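Asks: Got a structure for you, written out below as structure tokens; questions coming shortly.
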Amino acid sequence: MGNCFSDVAGGQSAVGGTTSFQANSSNAPNDAVDAFLQSRGYKGLYSQIELSLSATKLRDRDVLSKSDPMAVIYTKRKDGSLQELGRTEVVLNSLSPNWIKKFNITYQFETVQYLVFQVYDVDTQFHNIDTKMLKLEEQQFLGEANCTLSEIFTKSNKSLTLNLAYTQESSRSAVPKKLGELVVYAEESHASKTTTELVLRCSDLESKDLFSKSDPFLVISKVTESGVAVPICKTEVLKNDHSPVWKPVLLSIQQAGIKDSPLILECFDFNVNGKHDLLGKIQKSLAELEMLHSAGIGANLFMPTAVGQNHPNKVLKSRLFVDKFAEKIQHTFLDYLAGGYELNFMVAIDFTASNGNPRLPDSLHYIDPSGRPNAYQKAILEVGEVLQFYDSDKRFPAWGFGARPIDGPVSHCFNLNGSSNYCEVEGIQGILAAYVSALYNVSLAGPTLFGPIVTAAAHIASQSVTSNQRKYFVLLIITDGVITDLQETKDAFVKASDLPLSILIVGVGGADFKEMEILDADKERLESSTGRVASRDIVQFVPFRDVQSGEISVVQSLLAELPSQFLTYVQARHILPY
């Protein structure tokens with residue numbers, strides 16, 4: 001997963017699918033820095049993947065020789081339309097081709113990436129034509145297969161065998177039972193795993209504050225081919241310091257480009273209002289930064305000339321030093337998936353009375369006869385459809401809270417399936433079915449308590465650790481209101497931070513969710529009633545109303561940090577992927 005990081009918000013950041021486990025007790029300003037970077041184009045984690053294709057037992061469509069197969073790969077959009085990613089070469093006279101051409105695709109954890117593969121027998125008269133120019137309707141169709149990119153990486157050998165079949169549009173008359181098999185192999189690019197560790201410092205920074213020194217932080221940007229600077233990395237904010245030495249950052253080669261690619265390093269003075277003052281900048285490649293380190297010298301920052309002026313940039317007294325430059329290979333999130341790690345999905349649903357009468361259309365729990373999902377159903381579907389591919393048995397613990405089951409007291413953690421013995425349901429549709437059934441078998445009550453739910457999830461995660469299982473758990477809590485056990489919830493979260501568990505909270509409805517933002521802990525680590533500080537950030541919160549429209553989905557907002565939270569856990573415990 002290509003990105004770079006310092007210790008931001010307690011392990012929130014990651015690089016090349018890697019993170020560092022370091023404490024940072026004074027990182028409160030970094031939330032504003034995050035917003036600042038996002039406004040300038042800072043993106044989440046990703047990895048470059050190379051796909052290879054082969055096939056066996058293809059149909060023989062030629063009379064005097066074997067078929068001449070070519071494969072076409074597509075990505076499938078949300079609307080079902082296909083976008084061609086590329087075509088292989090034509091392999092002559094073969095029913096078991098190993099195509100040489102590779103396909104590059106960007107892996108994004110927070111989205112479901114559907115792939116479609118089609119195989120054709122290319123007629124002899126077209127063999128001298130570039131495959132890009134071939135009209136597929138003029139070739140003989142040999143079969144189609146599909147999968148998700150995540151399904152490939154959850155296999156131990158990163159290889160997935162698919163059965164070829166006809167599409168629905170194809171004629172099914174006299175279709176043979178076996179159309180052959182397609183093998184898809186995925187390899188994460190070496191660049192996604194190569195990182196450069198940098199320790200950067202500045203000297204003689206200017207003061208932008210009236211009564212104190214500056215509060216500096218660095219932003220590292222990559223200069224694209226079009227000349228646009230895209231932020232790829234940031235350090236923490238150091239308060240009241242004109243000679244800052246920042247914590248190590250890991251910069252992926254994938255993100256920075258080749259060692260000679262230009263990078264812009266900008267030093268800003270942090271301001272609470274988000275309007276950070278530029279203290280100086282410098283342009284250097286990784287190779288040049290390595291030379292600064294080897295020579296033990298610094299380079300002067302400069303202040304760019306105002307637009308429209310012909311004066312040269314103002315060279316400053318301030319200097320940048322590289323105290324450490326080290327290249328290394330990091331284990332990535334995908335390495336752990338291929339090594340057998342699973343992500344186990346759990347869900348907890350708020351059944352408190354503030355949701356409104358489920359039988360009335362204005363209720364957040366209203367089940368629309370037209371089939372249109374309510375906010376709870378949407379959240380389950382969008383998060384579940386991503387995480388289900390990382391869970392082999394697809395049996396998901398599902399709970400409700402804040403309701404009174406028939407002839408019973410109010411429960412703050414009851415099994416959604418109605419059983420008193422087990423909490424699991426089968427698949428995402430099983431969660432949805434249990435949710436609808438529960439609406440007719442419980443009475444909405446209150447108050448809103450998270451503590452019992454988190455404790456139940458933590459118990460399952462703890463049992464997994466005791467059994468040495470390679471599992472990481474993700475609890476989705478969907479709620480409409482303000483919790484009334486804030487400190488008890490903090491205590492539960494702090495305790496759970498030592499376990500293989502992340503907690504995603506979706507707020508539905510129009511309530512004030514300020515307390516949820518406290519639990520998110522992007523500004524400072526959570527602290528328990530006994531003074532213990534969470535070992536890492538495990539909580540992500542998002543109000544559903546903020547992300548249910550437009551290009552950014554609730555899934556992307558919630559899941560973006562999950563790989564880095566996972567890596568923070570395994571790396572802090574020196575757990576290897578294989």
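The values are calculated or read from the model by the stated rules, or taken from the named source; none is laboratory data. All values reported here derive from a predicted model rather than from experimental measurement. Positions of Cβ are generated from backbone atoms using ideal geometry, with glycine treated the same way; all protein chains shown enter the neighbour counts. Note: areas computed on protein heavy atoms with side chains; ligands, DNA, RNA excluded. Shrake-Rupley method; radii C 1.70, N 1.55, O 1.52, S 1.80 Å.
Asks: With Cα Rg over 2.2 N^0.38 Å in mind, check [x] 1.62; [y] 1.03; [z] 1.09 and report the label derived from this structure.
Replies: The listed entry that was calculated here is [z].
Asks: For the stretch 339-400, what is the accessible area per residue in Å², given a 1.4 Å probe and the full set of protein chains?
Replies: Averaged over the residues of the stretch 339-400, the accessible area is 37 Å².
Asks: Around residue 243, what is the net charge, scoring Lys/Arg as +1 and Asp/Glu as -1 over all other residues with Cβ under 11 Å from its Cβ?
Replies: Neighbourhood net charge equals +1.
Asks: Oh, and also: With a 1.4 Å probe and all protein chains kept in place, how much accessible area does residue 99 have, in Å² rounded to the nearest 10?
Replies: 10
Asks: Probe radius 1.4 Å, ligands and nucleic acids left out: which of 303, 346 has the largest accessible area, and how do the rest follow?
Replies: Heavy-atom accessible area, descending, gives 303, 346.
Asks: Provide the solvent-accessible area of residue 79, counting protein heavy atoms only and rolling a 1.4 Å probe, rounded to the nearest 10 Å².
Replies: Accessible area, nearest 10 Å²: 120 Å².
Asks: In square angstrom, what is the accessible area per residue of the stretch 63-105 with a 1.4 angstrom probe?
Replies: Value returned for the stretch 63-105: 57 Å² of accessible area per residue.
Asks: Keeping all protein chains in the complex and leaving out DNA, RNA and ligands, what accessible area do you get for residue 422 with a 1.4 Å probe, in Å² to the nearest 10?
Replies: 120
Asks: Within the set of other residues whose C-beta is less than 13 Å from the C-beta of residue 89, count the net charge using Lys and Arg as +1 and Asp and Glu as -1. Could the numbers behind the result be given before it?
Replies: Values: positive: 87, 101, 102, 132; negative: 68, 130.
Net of charged neighbours comes to +2.
Asks: Have a look at 398, 219, 346 and report the one farthest towards the positive end of the charge dipole of the chain, computed about the Cα centre with Cβ charges (Lys/Arg +1, Asp/Glu -1).
Replies: Going by the Cα projections, it comes out as 219.
Asks: Oh, and also: For 578, 376, what's the largest-to-smallest order of accessible area, 1.4 Å probe? If you can, show how the numbers build up before the last one.
Replies: Details: 578 155, 376 0 Å².
Accessible-area ranking of 578, 376, largest first: 578, 376.
Asks: How would 331, 365, 412 rank on accessible area, largest to smallest, probe 1.4 Å? Don't jump to the answer; show the numbers that get you there.
Replies: Details: 331 75, 365 0, 412 40 Å².
So, going from the largest accessible area down, we get 331, 412, 365.
Asks: Could you tell me what percent of the accessible area of the stretch 323-451 is made up of carbon and sulfur, with a 1.4 Å probe and every protein chain present? Let's see the in-between values first.
Replies: Values: 2700 of 5310 Å².
Its accessible area is 51 percent carbon and sulfur atoms.
Asks: Another question, then. Which one of 119, 504, 371 is farthest out on the positive end of the charge dipole of the chain, using unit charges on Cβ (Lys, Arg +1; Asp, Glu -1) and the Cα centre as origin?
Replies: Comparing the listed Cα positions along the dipole, 119 ranks first.
Asks: In addition: For the cross-link pairs 239/259; 158/234; 78/222; 222/324; 275/317, which exceed 25 Å when the distance is taken from alpha carbon to alpha carbon?
Replies: Check vs 25 Å cut-off fails for 239/259; 158/234; 78/222.
Asks: Let me ask another. Quick check for me: using +1 on Lys/Arg Cβ and -1 on Asp/Glu Cβ, what's the dipole size of the chain about its Cα centre, in debye to the nearest 20?
Replies: Working: 53 positive and 66 negative charges, 145 e Å.
So the dipole magnitude of the chain works out to roughly 700 debye.
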